[in-house]
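Peer 1: Structure incoming, see below.
The values are calculated or read from the model by the stated rules, or taken from the named source; none is laboratory data. Predicted model only: the values in this text are computed from it and were never measured. Cβ atoms come from the backbone with ideal geometry, glycine included; neighbour counts cover every protein chain shown. We work out accessible area using only protein heavy atoms, side chains counted, and drop any ligands, DNA or RNA first. Shrake-Rupley method; radii C 1.70, N 1.55, O 1.52, S 1.80 Å.
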Amino acid sequence: MELVERMLKGDRLALAKLITLVENRSPEISNIMARLYPHTGKAHVIGITGAPGVGKSSLVDKIIASLRKKDIKIGVIAVDPSSPFSGGALLGDRIRMQSHATDPGVFIRSMACRGHLGGLAFATQDTALLLDAFGYEIILIETVGVGQSEISIAQAADTTVLVTMPSTGDTIQVMKAGIMEIGDIFVVNKADQEGADKTVVELETMLMLGTQTRDWTPPIVKTIASNGEGIEELWDRIQGHKKFLSQDSRLKERHIAQIKGEIHNIIAEKLEKRIWDGLLNDARFAQLLEKIESRELDPYTAVEALWEALK
Ligand SMILES: Nc1nc2c(ncn2[C@@H]2O[C@H](COP(=O)(O)OP(=O)(O)O)[C@@H](O)[C@H]2O)c(=O)[nH]1
Ligand SMILES: [Mg+2]
């Protein structure tokens, strides 16, 4: 693929085009990945996740500024499934991050929900691979951490930063959603607001209850994204986690788990497509639908029968 060659030589336009192809689940993906994959596996992928409005984009903006001072090249994927409905979040992110738009050491891509959320997980993971192959050393993935699909996106990261803010009751909500376990580092942003220390204590308590079996104790960092306070400490903590992963075979184990998830997704996609396309092109399927509609048959029994026929 000529696009891949151009991208590997540093052509940002080719990179952007390739991202669009993976976002649209182009049939070219397997060719692209075959050519690309040997050049991946070098970047440190960091997930920044948390409820809307806690300050994720503001944090990402400050992290970019800090890393650019250290001459570290950084790719950013902003995933916002809510954008097609609200329209506002994506625009806000673009404006906030546009100060980096002319810097070749930074690449920012916003992704909204295209079709189903599973597609978003694919697009995010494959885009991270593209950015990795292009030579970005750090890849930040900003996701809204509320649902199961966002959790699966977060799991594509080597280090996951869970962001919360003081006195919203949101801390409790985060725990309920079952995403506490995926946090490697916790951030209490908006530490300029009242109740930050109380939120830190709440988090500490929850972590003590939940992570006895872990060999990594997630640190909690207070930040003020609006003025950059705490960003250096956050970066140190991220580096600390990276170092922790590099011990024993932890990073390898994480990567194997990620690859396993990827294979699962690809198989699920292929199987679904094959079976579904087959059904849609089968006149008997139309008859089956009629039977279900007239209540001669129910959907579950119908699928059981179809399943038997497939074996
Ligand atoms: N007071 C205060 N406001 C902040 C801080 N960080 C972000 N904000 C504001 O909080 C709002 C949401 O921030 P944003 O980064 O878009 O949050 P996101 O939805 O999590 O990406 C914006 O109006 C920010 O200016 C902070 O540390 N302190
Ligand atoms: Mg945001």
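Peer 1: Leaving out ligands and nucleic acids, and using a 1.4 Å probe, what accessible area per residue does the stretch 1-40 come to in Å²?
Peer 2: Averaged over the residues of the stretch 1-40, the accessible area is 54 Å².
Peer 1: What FRET efficiency, computed as 1/(1 + (r/R0)^6) with R0 = 45 Å and r the Cβ-Cβ distance, is obtained for residue 226 and residue 279, rounded to the nearest 0.05?
Peer 2: 0.25
Peer 1: Also, quick follow-up: Here is the link list: 9/42; 17/273; 73/242; 9/243; 70/243. Which ones come out longer than 21 Å on Cα distance?
Peer 2: Beyond 21 Å: 17/273; 9/243.
Peer 1: Using a 1.4 angstrom probe with every protein chain in place, what is the largest-first accessible-area order of 288, 120?
Peer 2: 288, 120
Peer 1: Quote to one decimal, in nm, the extra length available between residue 155 and residue 192 on full extension: 0.36 nm per residue of separation minus the C-alpha distance between them.
Peer 2: 10.3 nm
Peer 1: If you don't mind, there's one more thing I want to ask. Considering only protein heavy atoms, what per residue accessible area in square angstrom results for the stretch 246-285 with a 1.4 angstrom probe?
Peer 2: I get 85 Å² per residue for the stretch 246-285.
Peer 1: Okay, moving on. With a sphere of radius 14 Å drawn around the Cβ of residue 73, what net charge do the other residues whose Cβ falls strictly inside it have (Lys, Arg +1; Asp, Glu -1)?
Peer 2: Around residue 73, the surrounding residues sum to +1.
Peer 1: If you split all Cα-Cα distances of the stretch 1-67 into 10 Å bins from zero, what percentages do you get per bin, shortest first?
Peer 2: For the stretch 1-67, the pair-distance distribution reads 17, 35, 31, 17, 0.
Peer 1: For the stretch 175-311, what percent of Cα pairs sit more than 20 Å apart?
Peer 2: Counting every Cα pair in the stretch 175-311, those more than 20 Å apart make up 68 percent.
Peer 1: I need two numbers for the stretch 265-310: Rg to one decimal and Dmax as a whole number, Cα atoms only, in Å.
Peer 2: 11.7, 36
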